[in-house]
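Participant: Sending over a structure as structure tokens; questions will come in a sec.
The numbers here are math on the coordinates, done by the rules we state, and not lab data. Note that the structure is a prediction, hence the values are computed from the model and not measured. Methodologically, a virtual Cβ is constructed for each residue, glycine included, from the backbone with ideal geometry; neighbour enumeration extends over all protein chains shown.
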Amino acid sequence: MKFFTGLFKKKIKKPATQLDCVIWHLENKKSLTSWVAIKEYGITRLSQYIYMMRCNGYNVVSIDAKMKNRFGNTVNYSIYKLVK
């Protein structure tokens, strides 16, 4: 007899909007970048949702980071974190 391990896993409610996705991600995974937002949620304007969160009282901090791109050029990006 086979047991289905997936049957008893807790179901997670799917976020309804892109803003809900950003809030859920920051609360559960601690940080978010534009690239992760594009890949995981299809959000191309992450800064818009960060701005909306800040206007609604969320304390979101931006950490500036640098890395080399595939052409060897240094590029800047932000890492967003939710401070409780």
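Participant: Residue pairs, Cβ under 9 Å, 6 or more apart or interchain, first in segment 54-71 and within 19 Å of N28 (Cβ to Cβ), second loosely packed, with under 11 Cβ neighbours inside 10 Å. List them.
Facilitator: Close Cβ pairs satisfying both conditions: Y58/V83; N59/V83; N59/K84; V60/V83; V61/V83.
Participant: May I ask you to list the residues in segment 10-53 that are in a helix (DSSP H, G or I), loosely packed, with under 13 Cβ neighbours inside 10 Å and touching a residue at least 40 places away in the same chain (Cβ under 8 Å)?
Facilitator: Across segment 10-53, the qualifying residues are E27, W35.
Participant: Yes or no: segment 60-80 includes at least one residue that is surrounded by 10 or more Cβ atoms within 10 Å (Cβ to Cβ), part of a helix (DSSP H, G or I) and more than 10 Å from the chain's Cα centre (by Cα). Break it down into steps so the answer makes sense when it comes.
Facilitator: Within segment 60-80, the subset surrounded by 10 or more Cβ atoms within 10 Å (Cβ to Cβ) is 60-63, 65, 75, 77-80.
Subset that is part of a helix (DSSP H, G or I): none.
Looking through segment 60-80, none of the residues is surrounded by 10 or more Cβ atoms within 10 Å (Cβ to Cβ), part of a helix (DSSP H, G or I) and more than 10 Å from the chain's Cα centre (by Cα).
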